[in-house]
1. Could you work out the helix-only [θ] at 222 nm for the chain, with each DSSP H run of four or more residues adding -39,500 (n - 2.57) and the total divided by the number of residues, to the nearest 500 deg cm²/dmol?
2. Where the accessible area of the chain is counted over protein heavy atoms with a 1.4 Å probe, how much of it, in %, is carbon and sulfur?
3. Using alpha carbon centroids, what distance separates segment 1-28 and segment 39-74, in Å?
4. In whole Hz, with x marking every Gly and Pro, tabulate ³J(HN,Hα) for segment 25-33 from phi via Karplus 6.51 cos²θ - 1.76 cosθ + 1.60, θ = phi - 60°.
5. From zero outward in steps of 10 Å, how is the percent of C-alpha pairs of the chain spread across the bins?
6. Pop out the ³J(HN,Hα) list for segment 43-57 in order, Karplus 6.51 cos²θ - 1.76 cosθ + 1.60 with θ = phi - 60°, rounded to Hz; leave Gly and Pro as x.
7. Estimate the FRET efficiency between N74 and L11 by the formula 1/(1 + (r/R0)^6), using the beta-carbon distance for r and 35 Å for R0, to the nearest 0.05.
8. Working out 0.36 nm times the residue gap between K43 and A83, then minus their Cα-Cα distance, what length gain in nm do you get to one decimal?
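The values are calculated or read from the model by the stated rules, or taken from the named source; none is laboratory data. Just so it is clear, the structure is predicted and the values come from calculations on it, not from any experiment. Neighbour counts run over all protein chains shown; Cβ positions are idealised from the backbone, glycine included. Surface accessibility is based on the protein's heavy atoms, side chains included, excluding ligands, DNA and RNA. Shrake-Rupley method; radii C 1.70, N 1.55, O 1.52, S 1.80 Å.
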Amino acid sequence: QVQLVESGGGLVQPGGSLTLSCAASGFTFNNFAMGWYRQPPGKGRELVAAISPPGGTSYYADSVKARFTISRDNANKVYLQMASLEPGDTAVYYCSAGSYRAVLDGASNYWGQGTQVIVSS
């Protein structure tokens, strides 16, 4: 069974930092690009960051560039390091997997269930 399980979400004050993790299983992790999407309350899903296999190429949305960092390791995990968090970053964050193009286009093969991030004082 393919599984993408996110963790690390929670409540953070503006300006704070948080790192999300995604544990992948059931597919050949090193052959898939990985991505992070987010969905703010009452709004649509948007791409945050993506990383190619084996990690040589990355993409970031303009809204998070220079604040967020996507990475992957050899233990079937992908991470999203978030710094200088703003209230606008409040959302459910989803891990996804697919070809690099599919991830960029929102057509990933696999999706996690999401982890909630709330940025508030």
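1. -1000 deg cm²/dmol
2. Using a 1.4 Å probe with all protein chains present, the chain comes out at 45 percent carbon and sulfur.
3. Centre-to-centre (Cα) distance: 12 Å.
4. Here the 3J(HN,Hα) series is 7, x, 8, 7, 3, 6, 9, 10, 6 Hz.
5. Answer for the chain: a P(r) of 15, 51, 29, 5, 0 percent.
6. 10, x, 6, 9, 6, 9, 7, 9, 9, 7, x, x, x, x, 10
7. Taking R0 as 35 Å, the efficiency between N74 and L11 is 0.65.
8. 12.2 nm
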